[in-house]
Each structure stands twice: as C-alpha cells, then as structure tokens.
Amino acid sequence: MSTKRFVAPPKGFSDKLLKFIELAKEKKWTVSEGFSPTELEVKTQELVTMEANFMKLEAEYKVKKDALTSVQREVYVKFQSALKIISGQFYKDTGVLKLLDSFRKDYKRQKKESANNTTTPV
C-alpha cells in the first residue's frame, strides 16, 4: 500500500475556499461523494478561526523571543565584561586564568591545508 505525501495548502487557501463555497451555493452544485457547501463552509470557518489564533500566537511568540534575545544580549555583554575585568585583575595568576578559560567561547577552527601540501589518499 502506497502512502501519498500530504502537501500543505498555500497561504490564502481559506479565502479561495470561501469564494468557492459561495460560488457552489450560488450555482447549487452538489457532488455525490458528500460535498455539501454548507458543511464545508462550517469547517472553513473553523479553519479561519484556528489560523487567526495561530497567527496571534506566532506574534506573541515573536515579541517574547525578541524580549528574551534582548535580555540575553545584555547579560552576555555584562558577562564578557566581568570575565575580562577578572582576567585583568588576575593576569599573573595562572590558576585563576585557567579556571576562567572554561568560561570563554570554544572556537574550534579547522586547520587550513597549505597550498604546497597536496597529499592524496592512498
């Protein structure tokens, strides 16, 4: 048994569907496979309500995420400043500097192969 992949409808689908339902009602179209413009209209209205609620949640999420990012940025800058100040105060104490190293960013850079080094796998 093959399963078909579901393709999500494009944005604006609800508006087109409502126009289609309006046209179907006007023309009194029916289909033997259970197409009822009234039933489809009810489902579409539910869909429109759900989409509106979802868009509201997305907007709230964006506001909260922006606020979180702003606070994170502010705190991170203060953290980095504190780290630099403490490092400066204890620049001669290798034990403290070693402890502070664990709080620094871990940048792992890939080693660049020199142009002259052209080894080929055997």
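The values are calculated or read from the model by the stated rules, or taken from the named source; none is laboratory data. Values in this document were obtained by computation on a predicted structure and should not be read as measured data. Cβ: placed from backbone, ideal geometry, glycine included. Neighbour counts: every protein chain shown. Heavy atoms of the whole protein, side chains included, go into the accessibility calculation; ligands, DNA and RNA do not. Shrake-Rupley method; radii C 1.70, N 1.55, O 1.52, S 1.80 Å.
Annotations
- Residue match in the range 30-50 (condition: assigned to a helix (DSSP H, G or I), at pLDDT below 90 and open to solvent by 90 Å² or more (accessible area, probe 1.4 Å)): yes
- Residue pairs whose Cβ atoms lie under 7 Å apart, sitting 6 or more positions apart in sequence or on different chains, and linking a residue in the range 71-86 that is assigned to a helix (DSSP H, G or I) and modelled with pLDDT under 95 to a partner that is open to solvent by less than 100 Å² (accessible area, probe 1.4 Å) and of a type outside the set (D, E, K, R), are L83/L100; I86/L100.
- Hey, V122 open to solvent by 80 Å² or more (accessible area, probe 1.4 Å) and at pLDDT 90 or above or not: no
Conditions (1) at pLDDT 90 or above; (2) open to solvent by 90 Å² or more (accessible area, probe 1.4 Å), marked per residue:
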residue	(1), (2)
E58	yes, yes
K62	yes, yes
G88	yes, no
F103	no, yes
K108	no, yes
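- Filtered by the rule that a residue be open to solvent by 90 Å² or more (accessible area, probe 1.4 Å) and either charged (D, E, K, R) or part of a helix (DSSP H, G or I) (or both), the range 2-19 gives K4, R5, K11, D15, K16, K19.
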